[in-house]
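Student: Before anything else, here's the structure in question.
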Amino acid sequence: MLFQERQSFVRHWVLLLFVPVVVITVLLLTVPPKSGFPLTWPGLIGPVVGVAGVALLLTLRLDTRIDKAGAHYRLFPLQWQWRTQSWPNVARAYVRSYDPLSEYGGWGLKGTSRNRAYNMAGHQGLQLELTDGRRLLLGTQRPAEVAQVLQELGVPLAA
């Protein structure tokens, strides 16, 4: 393995967004309702969905590996299996700057089947242009290292 990176979705300020969800859920589960009606399953749907959403965002991460076989990636825990783009299927590969909001509509798993992006933060990524015309962008916080690995592997670079 020549390059490996793990990027988390959670930033310190994002944790502040989770505080109200957790507080409301704890209150709903521990404080009995004053109306005398017991808390029912339909009343728990909102808090359970909120906690599940928080848990997903806390564990969401982009794992990327680059080696002689190709570029491997997964968006864990949504994708447990690694996805691979082998070098023979890559027409060109290069590191580039991009605008996550205007080009892909934000962060995470974005885009279409022909032009997909996996990104967690920032605005730098490994752009793979595949031989079948599809494009795949893998966000990175270490663009210089990715560019160096591509050069070492002799991957076809952008003209």
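FYI, it's all coordinate maths here, none of it is from the lab. Worth saying up front: this structure is predicted, and the values here are computed from it rather than measured. Positions of Cβ are generated from backbone atoms using ideal geometry, with glycine treated the same way; all protein chains shown enter the neighbour counts.
Student: Using Cα pairs under 8 angstrom and six or more residues apart, how large is the relative contact order of segment 48-155, in percent?
Tutor: Taking the mean separation of contacting Cα pairs over the length of segment 48-155, I get 20 percent.
Student: Quick one: if you stick a label point 7 Å off each Cα along the C-beta vector at residue 135 and residue 84, how many nm between them?
Tutor: In this crude spin-label approximation the distance works out to 2.6 nm.
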